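Here is the structure we will look at.
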Amino acid sequence: MQQFDIGSALRFESTPGGLVRAVIHTAAAEGELYLQGAHVTQWTPRGAKPVLFMSSKSLFAPGKAVRGGIPVIYPWFGAREDGKTGQAHGVARTTLWTVEATRLSESGDVEITMTLPAAEAPGARLHVSFGTTLKLELEVRNELSTPFRYEEALHSYFAVADIHQTSVTGLEQTTYIDKTDGLARKLQHEEPVRCAKETDQVHLNTAATCVVHDPVWQRMIVVEKSGSASTIVWNPWSEKAGGMADMGAGEWQNMICVESGNAADNAITLVPGASHCLTATIRVA
Ligand code: BG6
């Protein structure tokens, strides 16, 4: 992997658990990315608190999903629904991606481009840029000779001081599928999304920028996106989190997922030869 290192800005290392990760260290930010899942597990702009939540009990082992950071969800979101068996949220997050290129941009951002080998589904490419903003671009090209339908998400876990005091703006007046209420379709009225119990909602037909408001840490996390018609908001709350072996005690209170994706009604269909790019750009204000 050393051929992809960039001095002290980017270095690849093997972990005791048998994985390979990239460690990013620049004037603008610290970061970390695992090749399994092309999974960003840390992004901390200089002088800020970590922006991404990571469970203290997350597994880091071959074939195991990581709890926190930004899992890449592809080619299905949630349960697999094509009649075949497969883990929730698709295979991308536990598959080993291949580094295609690394680069230091003129502004000093570390850029890593990785590919997911084609298997049952066409391959994908993820481009991640670590700087004062964190930018992810997930591109899928249909190399099959038949149309290809898929779902996807950049499943960002954001770190917040206290979920009870957190709100998310940008989803007002959207329809969402409430996964905690038998997939009922509901309207998000004019108010921000707040969590007061288990929250698992797929907001449809929304391209808007979302903002996570954290009044305790006095910061906003701004998530701007393109090529994404769905935004998913998730917090497992106490009972469900208590049943997760990879979630530290009480840590559900320090996270909220605001995911940019294309799921359910917003699944993408690509004709042969066509491609689609989903991007999320994250910054702290
Ligand atoms: C969210 C889903 O995106 O991810 C939830 O909407 C799911 O239904 C959650 O529980 C976490 O999924 P997992 O497989 O990482 O535990």
Query raised in the report: What FRET efficiency would be calculated for the residue pair Val271, Thr175, taking the C-beta separation as r and a Förster radius of 22 Å, to the nearest 0.05?
Result: 0.20
Query - Which listed pairs, of Lys64/Lys84; Lys135/Lys186; Lys84/Lys135; Lys64/Lys197; Lys64/Lys186, have C-alpha distances above 22 Å, in listed order - result: Lys135/Lys186; Lys84/Lys135; Lys64/Lys197; Lys64/Lys186
Report task. Could you tell me which of rounded, prolate or oblate describes region 130-223, using a ≥ b ≥ c as the square roots of the eigenvalues of the alpha-carbon gyration tensor, with rounded for a/c under 1.5 and, failing that, prolate when a/b is larger than b/c and oblate otherwise? Result -> oblate
Query raised in the report: Given Cα pairs under 8 Å that are at least 6 residues apart, what percent is the relative contact order of the chain?
Result: 18 percent
**Report entry** Mean separation of Cα contacts under 8 Å (6+ apart) over length of region 90-134, as relative contact order %
**Finding:** 31 percent
Report summary line: Per its Cα gyration tensor (rounded if a/c is under 1.5, else prolate when a/b beats b/c, else oblate), the chain is best filed as rounded
Report summary line: Lys and Arg at +1, Asp and Glu at -1: neighbours of Ser230 with Cβ under 12 Å from its Cβ sum to -3
Query - In order through region 30-35: 3J(HN,Hα) via Karplus (6.51 cos²θ - 1.76 cosθ + 1.60), integer Hz, x for Gly, Pro - result: 10, x, 8, 8, 9, 5
Report summary line: For region 107-162, shape from the Cα gyration tensor axes a ≥ b ≥ c, cut at a/c of 1.5 then a/b versus b/c, turns out oblate
Query - Mean-position separation - Cα centroids, region 42-74 and region 132-147, in angstrom - result: 21 Å
Report summary line: Among trypsin sites (Lys or Arg not before Pro) in region 45-132, those in a DSSP loop whose Cβ has at most 12 other Cβ atoms within 10 Å are Arg46, Lys84
Query - For Ala29, net neighbour charge (Lys/Arg +1, Asp/Glu -1) across residues whose Cβ lies under 14 Å away - result: 0
Requested in this report: Report P(r) for region 163-203: all Cα-Cα distances, bin width 5 Å, range 0 to the bin holding the largest distance, values in whole percent.
Outcome: 6, 26, 30, 27, 11, 0
Report summary line: Surrounding charge for Ile73, neighbours by C-beta under 10 angstrom, Lys/Arg +1, Asp/Glu -1, total -2
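No value in this document is a laboratory result; all are computed from the given coordinates. In this text, all values refer to a predicted model and were calculated from it rather than measured experimentally. Reconstructed Cβ throughout: ideal geometry from the backbone, glycine too, with neighbour counts over all protein chains shown.
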